[in-house]
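Visitor: My structure is below; once you've seen it, I'll send some questions.
The values are calculated or read from the model by the stated rules, or taken from the named source; none is laboratory data. Values in this document were obtained by computation on a predicted structure and should not be read as measured data. Please note: Cβ atoms are built from the backbone with ideal geometry, for glycine as well, and neighbour counts cover all protein chains shown.
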């Protein structure tokens with residue numbers, strides 16, 4: 001136990017870094033993911049094609065490869081920024097296609113009849129989208145997006161393996177110094193992760209119940 | 001969906017979106033060309049020496065050597081072996097968990113809820129480190145066990161949801177013809193739940209294959225470590241980019257193939273779910289609902305983590 005208490009500042013700093021990774025990559029992925037989703041449902045063919053290729057490639061590349069690319073290949077190619085920023089770029093890029101898919105399936109998940117009805121009472125494109133489709137799509141999209149963020153929380157741990165001192169990285173450091181209390185250290189780190197993931201999971205459950213569309 | 005949102009485009013709107021498409025295509029192509037050109041350009045080091053560009057033959061010549069491909073093949077097989085063993089383990093653990101989670105005895109059921117929450121809320125990487133350090137299993141078994149337990153927890157929850165979504169009559173019918181509760185579960189409920197949840201299980205196995213690359217961190221010689229660490233050390237770091245590129249291409253091919261397979265199976269299972277002789281309207285509604293379900297599930301499960309609820 002004393003290994004945890006005496007290293008608590010290290011863990012808390014790591015926890016802060018993990019939360020920062022989650023925040024920055026989460027916001028970045030939301031922005032890029034929404035843009036990509038917009039491209040994918042747009043009537044412009046080349047954007048649609050680009051968005052499809054972008055989604056398929058990033059979704060099928062293991063996160064370890066994405067972060068390896070950011071941590072080793074980018075500096076090798078002459079990019080000079082610190083590992084935290086590189087990890088943010090990698091996590092954003094990796095998470096954005098999942099957000100894009102969540103948004104897209106939300107929009108596609110609104111029954112066609114809704115849009116047909118809106119069109120048939122004379123609403124224009126903007127009104128159809130803004131007043132009828134989007135309000136329903138957003139409700140359906142929030143729970144899957146929170147799930148993507150939960151996955152992102154867990155995925156930030158991989159950044160710890162690529163020179164970022166997040167929770168996982170600081171756990172490795174502490175383990176090197178206190179090899180006698182490995183078990184307690186790992187459980188403590190797991191609890192830190194659970195604090196975030198379980199909280200987000202609860203929020204998702206509450207939101208899902210609250211915004212559920214009755215059909 | 002998108003076609004319903006606006007009137008069918010007339011000649012002018014079609015022309016406009018064609019122009020937008022061409023402009024967009026040119027911009028994207030220009031960015032790609034710029035990227036490739038930047039990669040191909042020779043770079044000058046701080047010491048003033050000139051290094052060849054990334055597409056220079058001197059960075060790719062090792063791939064003419066058969067021994068290089070053999071080592072890459074070994075790395076790929078290591079990855080596939082870990083994925084295969086972990087996948088079998090994950091399905092087995094998933095079946096076990098689904099039974100424990102739906103057990104009639106509360107003292108089995110409730111602790112399982114906590115255990116599952118714990119297993120699903122923590123990073124796989126942390127679990128690998130845990131198994132590696134606490135049980136001293138070596139990196140191969142650490143990777144296999146962590147992947148099997150983590151994905152087993154998710155598959156178990158999927159199977160449980162499948163069992164609970166069955167009509168009550170299925171179980172009652174099983175009990176009524178004299179099968180015991182366990183026989184009913186095994187031969188009536190479980191096969192149906194498994195079939196219904198097959199798309200989710202396969203989607204989760206795609207995630208598992210992707211996640212084997214995490215074993216890189218605990219020094220298992222899978223594809224990424226074989227190429228970018230062992231081989232880059234052996235042949236020299238000027239091959240780092242090309243070796244990474246090859247590993248990336250192999251991973252991408254494997255995952256795309258498996259995702260494609262998953263999609264085909266999902267479509268088959270969905271098609272099997274359609275009620276026979278339904279009116280066109282209800283069939284369409286059913287199809288739509290099925291597609292939406294699998295779409296949402298794909299997103300939830302593909303995130304590399306799954307739901308923590």
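Visitor: Search the range B:8-29 for residues being assigned to a loop (DSSP other than H, G, I, E, B) and more than 8 Å from every other protein chain (Cβ to nearest Cβ), and hand back the single one that is modelled with the highest pLDDT.
Guide: The extreme case among them is B:10.
Visitor: Six or more apart or on different chains, Cβ under 9 Å: which pairs go from a residue in the range A:170-187 that's within 11 Å of another protein chain (Cβ to nearest Cβ) and closer than 18 Å to residue A:158 by Cα to one that's at pLDDT below 90 and not in a helix (DSSP H, G or I)? Could you list them?
Guide: A:185/A:7; A:185/A:178
Visitor: Can you say whether residue B:139 is within 15 Å of residue B:215 (Cα to Cα), modelled with pLDDT under 95 and within 22 Å of the chain's Cα centre (by Cα), as far as the supplied structure shows?
Guide: Yes.
Visitor: Moving on to the next point. Take the conditions buried (at least 23 other Cβ atoms within 10 Å of the Cβ) and free of Cβ contacts under 8 Å to residues at least 60 places away in the same chain and apply them to residue A:141. Does it pass?
Guide: When the stated conditions are applied, residue A:141 passes them.
Visitor: Could you check residue A:139 against (1) more than 16 Å from residue A:11 (Cα to Cα); (2) facing another protein chain (nearest Cβ under 8 Å); (3) over 17 Å from the mean Cα position of the chain (by Cα) and say which number it fails?
Guide: Exception for residue A:139: condition (2).
Visitor: Mind telling me which of the residues B:80, B:100 ends up being surrounded by 11 or more Cβ atoms within 10 Å (Cβ to Cβ), within 14 Å of another protein chain (Cβ to nearest Cβ) and closer than 30 Å to residue A:190 by Cβ?
Guide: Checking each option against the conditions leaves just B:80.
Visitor: Among (1) in contact with a helix residue (DSSP H, G or I) (Cβ under 7 Å, 6 or more places away or on another chain); (2) assigned to a loop (DSSP other than H, G, I, E, B), where does residue B:136 come up short?
Guide: (1)
Visitor: Right, here's the next one. So which residues in the range B:212-230 are more than 7 Å from chain A (Cβ to nearest Cβ) and not in a loop (DSSP other than H, G, I, E, B), if there are any at all?
Guide: B:212, B:215, B:223, B:225, B:226, B:227, B:229, B:230
Rundown of residues vs (1) crowded, with 18+ Cβ neighbours inside 10 Å; (2) within 8 Å of chain B (Cβ to nearest Cβ), yes/no style:
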position	(1), (2)
A:9	no, no
A:16	no, no
A:28	yes, no
A:39	yes, no
A:48	no, no
A:61	yes, yes
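Visitor: Here's a follow-up. Which ones in the range B:55-70 are within 12 Å of residue B:243 (Cβ to Cβ) and either touching a helix residue (DSSP H, G or I) at 6+ places or on another chain (Cβ under 6 Å) or modelled with pLDDT of 95 or more (or both)?
Guide: Listed by number, the residues that qualify are B:59, B:60, B:62, B:68.
Visitor: Just wondering, is there one or more residues in the range B:41-62 that are within 32 Å of the chain's Cα centre (by Cα), more than 14 Å from chain A (Cβ to nearest Cβ), within 15 Å of residue B:231 (Cα to Cα) and in a helix (DSSP H, G or I)?
Guide: Looking for residues that are within 32 Å of the chain's Cα centre (by Cα), more than 14 Å from chain A (Cβ to nearest Cβ), within 15 Å of residue B:231 (Cα to Cα) and in a helix (DSSP H, G or I), one finds at least one in the range B:41-62, hence yes.
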